[in-house]
Every structure is written in C-alpha cells, then in structure tokens.
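Accompanying notes for the structure given below.
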Amino acid sequence: MIDEPTGGDLSRLRQLNAATVLRVLRADQPLTLTELSRRAGLSRASTEDVARDLLGRGWVTEVAPAAGTVGRPARRYRFHAEAGRLLGVDIGGHKVLALVTDLEGEVLHQARIAVAPELGRRERLAVLDKCVADALAGAGVERSQIWSTGVATTGLVDGTGKVMLSDSLPEWTGVDLAAHLRRLVPGPVRVENDCKLAALAESWRGVARYAKDVVFLLAGLRTGAGLIIDGKLHRGFANWSGEIGALPAAGWLRAPEHLRNWLGADDSGDDVERVFLAARDGDREAMRAVRGYVRDIAVGASALVLTLDPEVVVIGGGFSRSADVLVEPLRRELDRWCLRTPEIRVSAFADLGVALGAVRLALEQVESTVYNGLKP
C-alpha cells in the first residue's frame with residue numbers, strides 16, 4: 001500500500017491505511033510501531049499517524065511496558081477488543097441461547113432458556129427477550145454497549161431478517177426477527193438460518209477453520225446443511241442454499257423415523273439419544289436403526305459432496321455427541337456413492353456452534369463497518 005495519494009481521495013487512502021493496520025493488529029498483536037509499519041507495508045510516519053487516529057477512536061490501545069524494562073521502551077499497540085460488545089442469539093426448537101462477547105468473539109457470558117417445541121410465536125419471543133436480558137446482565141453489559149447482533153433461527157430467512165418459511169416452529173413463518181431485536185439492543189441486526197451459521201462457526205474457529213470448501217451437516221431430529229465455498233458462507237441467489245432436505249428423495253425427511261421406530265411407544269421426541277447409547281452397547285435392533293438413519297442422510301450428503309467436492313464434511317448438531325457410532329457408517333455410505341470421500345470431522349462446539357456462528361455474523365458486520373473507516 002502506498003503512503004501518499006497519486007490522484008485519489010486522501011481521506012479514502014487514510015481509511016485504507018487504517019483498515020490495513022487494524023487487520024495486522026487483529027492477526028498478530030501486540031506490535032511495536034516499527035513492527036506494525038513493516039507488516040502493514042506503510043512508512044513509519046504514516047503508521048504513527050494512523051495509530052494515533054485509531055487510539056483516539058478507541059479501536060487500538062497501547063500495551064503497558066513489561067516490568068523491569070530498562071530504558072525507554074518502544075510503544076506497543078494491540079486491537080482494543082474491549083471497546084464494544086457483540087450479541088449472538090440461537091433460537092431453536094428446544095432452547096434459546098444468547099452469547100455476549102467482546103470484539104474478538106471471546107464469550108463473556110451466556111444465557112440459556114429451555115423451551116417446548118410447540119411454543120407459539122408470542123411465548124417464544126418473550127423467552128427471547130428474557131434470554132437476551134439475562135445474557136446482558138450476566139456479562140455486566142448495558143444495551144448501549146452492543147455494537148452488532150447476529151441471530152440464528154430455524155427456517156428460511158430473507159435479506160431483511162424476516163423468517164420466510166418455518167415448518168419446525170409453530171407460528172414462526174413471517175416473524176420479523178431483525179425488527180424485534182432492534183427493540184432490545186441498538187446497532188445493526190443480522191438474521192440467518194441456523195445451519196448456515198453453524199457452518200460459519202466451524203469455518204471461523206472450528207474443525208474446518210483451515211478448509212476452503214466445507215459441507216456442514218446438522219444431524220438431529222431435523223437434518224440440515226450449510227456450505228462454505230472458497231472460505232466463505234454460501235447463501236445462494238435467494239438464500240436457499242443447502243436446502244436439499246426439501247427433496248424427498250434425499251432421505252432427510254424420513255431419516256429420524258428409523259430412530260423413533262426403535263423407541264416405539266417410549267418415544268417422547270427428546271429421548272432419541274437412547275438409540276445411540278443402545279447401539280454403542282451392541283443392541284442389534286438399535287444398530288439397525290442407526291444404520292437406517294445414516295443410509296438416509298447419506299443420500300443427501302452424497303449429493304452435496306458430489307456437487308461441491310469439499311475438503312471436509314463436518315457433523316454437528318445434537319447427534320454429533322454420538323459421532324462414534326455415526327462416522328464410520330456414514331463414511332462407508334459416502335464411499336458407495338461419491339467419487340472421492342472427503343475427510344469427516346465432528347464438531348467440538350456441542351450445541352454452542354449455532355450461537356457462535358451468530359456471533360461471527362455480528363462480527364462480520366462490525367468488520368465491514370470498521371474497514372470502511374466508519375464508527376458503529
């Protein structure tokens with residue numbers, strides 16, 4: 001990057017230089033002015049000017065010299081992650097989960113409230129309100145400190161933050177989640193499908209963070225998918241990418257029935273984990289039920305693998321806790337159908353993955369604002 005404009009707008013050049021310095025500090029900090037200048041590709045004078053501006057705006061802070069330092073220590077700078085706060089919310093069938101983080105996405109506090117799947121719109125939104133309030137209170141954060149919010153929900157979401165279609169949550173189609181959250185917290189609010197955000201979390205900090213092309217499978221009573229292509233979340237033209245489960249031939253709609261049939265009269269809808277426990281203990285009927293479940297989800301998964309040719313397939317969601325009885329059968333099924341079977345990894349996020357993806361969504365909004373030289 002050059003230090004002096006050659007005909008372009010000087011203020012724009014200063015914004016670009018500031019964005020470069022912030023990216024360098026977020027990737028490797030703290031740094032002295034000399035180190036920062038070298039890594040940013042700017043002159044020392046320009047780097048010092050940018051650092052002074054970012055200090056004044058709160059994006060950067062100076063690091064105190066180490067104890068016992070002899071002589072005049074060089075000033076060191078780091079990104080000021082404590083300057084603001086982010087909110088990530090996961091609205092699911094069985095829970096509402098809210099995370100409050102700093103500007104690096106480090107979780108300061110989480111709040112979780114269990115809900116019944118049959119809960120109506122008004123009641124679920126009331127739980128959402130309480131969960132957000134609990135998370136803020138637990139983190140000791142005022143609403144005014146929230147710079148950006150990301151929200152994950154089941155169903156199809158449009159670009160404005162409204163749920164276009166939901167067949168999992170009663171009365172959820174048509175809910176304007178972005179508008180509702182804006183009444184709770186200031187700053188931008190972005191809403192996205194839960195499977196997509198779970199994929200985003202894996203690409204950001206999970207088992208797929210070094211992969212450019214990823215298929216994420218949400219394995220649970222509801223099966224879904226999220227796609228990472230060339231390191232970025234793939235949404236598609238109308239934000240419907242990954243919805244292969246809508247095709248009956250893909251097998252995802254009928255897959256959970258194998259597990260429910262094993263439970264029989266004992267099926268409560270929340271106790272499917274018992275099937276995997278029994279299969280792990282060698283119960284033949286339970287093992288047969290798990291194989292049937294895997295065969296069905298493997299059809300849609302194979303179609304995604306054949307289309308994308310990913311480096312890795314990540315299994316997340318509630319059933320990922322039983323990955324020891326799922327991974328090998330799934331690998332064998334993919335071997336049957338795919339020209340090349342990618343590596344299969346299991347998410348380490350348990351049920352936090354979707355909410356972490358929502359945090360990443362909020363952080364993307366902040367980054368785009370910062371790197372355009374604007375304050376939230």
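The values are calculated or read from the model by the stated rules, or taken from the named source; none is laboratory data. Bear in mind that the values here come from a model prediction, so they are computed numbers and not experimental data. No Cβ is skipped: glycine too gets one built from the backbone with ideal geometry, and neighbour counts run over all protein chains shown. The protein model used for the area step is the full one, side chains on, heavy atoms only, and it has no ligands, DNA or RNA in it. Shrake-Rupley method; radii C 1.70, N 1.55, O 1.52, S 1.80 Å.
So, in Å, what gap is there between the alpha-carbon centers of the range 296-373 and the range 171-203? Centre-to-centre distance over Cα atoms comes out at 20 Å.
Per-residue ellipticity at 222 nm, computed for the chain from helices alone with -39500 (n - 2.57) per DSSP H run of at least four residues, works out to -12500 deg cm²/dmol. On the basis of the beta-carbon distance and an R0 of 41 Å, Leu33 and Glu311 show a calculated FRET efficiency of 0.60. Net charge of the neighbourhood of Arg280, taken over other residues with C-beta under 13 Å away and scored Lys/Arg +1, Asp/Glu -1, is -2.
Surface exposure of the chain, expressed per residue as accessible area with a 1.4 Å probe, stands at 46 Å².
Could you compute Rg(Cα) / (2.2 N^0.38 Å) for the range 293-376, with N its residue count?
1.44
Within the range 72-224, antiparallel bridges make up roughly 60 percent of the DSSP beta bridges whose residues both belong there. Taking only alpha carbon atoms, the range 152-223 gives an Rg to Rh ratio of 1.03, where Rh is the Kirkwood radius.
Among the trypsin sites (Lys or Arg not before Pro) in the range 220-311, those located in a DSSP loop and surrounded by at most 16 other Cβ atoms within 10 Å of their own Cβ are Arg254. Taking the charge dipole of the chain about its Cα centre, with +1 at Lys and Arg Cβ atoms and -1 at Asp and Glu Cβ atoms, the residue from Gly282, Val370, Phe319 reaching farthest to the positive side is Val370. Taking only protein heavy atoms and a 1.4 Å probe, the accessible area of the chain is 52% carbon and sulfur.
Note on Lys212: lysines with a C-alpha under 21 Å away, same-chain residues under 8 apart excluded, are Lys196, Lys232.
Using a simple spin-label model with pseudo-atoms 7 Å out from Cα toward Cβ, Arg321 and Lys232 lie 3.7 nm apart.
Each of Asp335, Asp296 has its accessible area taken with a 1.4 Å probe; listed largest first, they run Asp335, Asp296. Here the alpha carbons of the chain define both size measures, Rg and Dmax, at 23.5, 77 Å. Counted residue by residue at 0.36 nm each, then reduced by the alpha carbon distance between them, the extension gain from Arg52 to Arg209 reaches 53.2 nm.
Hey, any idea what the orientation-averaged projected area of the convex hull of the range 45-174's Cα atoms comes to, in nm²? Mind dumping the intermediate values first?
Numbers: hull surface 44.8 nm².
Projected over every direction and averaged, the Cα hull of the range 45-174 covers 11.2 nm².
Roughly speaking, what is the stretch gain from Leu277 to Ser43, that is 0.36 nm per residue apart minus the C-alpha to C-alpha distance, in nm to one decimal?
78.0 nm
For the range 319-363, which trypsin sites (Lys or Arg not before Pro) pass both filters: DSSP loop (anything but H, G, I, E, B) and at most 13 other C-beta atoms within 10 Å? Present the calculation step by step, with values, prior to reporting the outcome.
Details: sites: Arg321, Arg331, Arg332, Arg336, Arg340, Arg345, Arg360; in loops: Arg340.
In loop regions of the range 319-363 (DSSP not H, G, I, E or B), the sparsely surrounded trypsin sites (Lys or Arg not before Pro) are Arg340.
Across the chain, the relative contact order, built from alpha-carbon pairs under 8 Å that are at least six residues apart, equals 16 percent. For Lys130, go through the aspartates and glutamates and keep the ones whose alpha-carbon is under 14 Å away, minus same-chain ones fewer than eight residues off. Answer for Lys130, where 14 Å is the Cα cut-off: Asp90, listed by chain and number. Going by accessible surface with a 1.4 Å probe and the largest first, Asp213, Asp194 read Asp213, Asp194.
Determine the relative contact order of the range 177-309: mean sequence separation of Cα pairs under 8 Å and six or more apart, normalised by residue count, in whole percent.
Numbers: 161 pairs, mean separation 24.4, N = 133.
Computed value for the range 177-309: 18 percent relative contact order.
Rounded to the nearest 10 square angstrom, Ser144 shows an accessible area of 90 square angstrom against a 1.4 Å probe.
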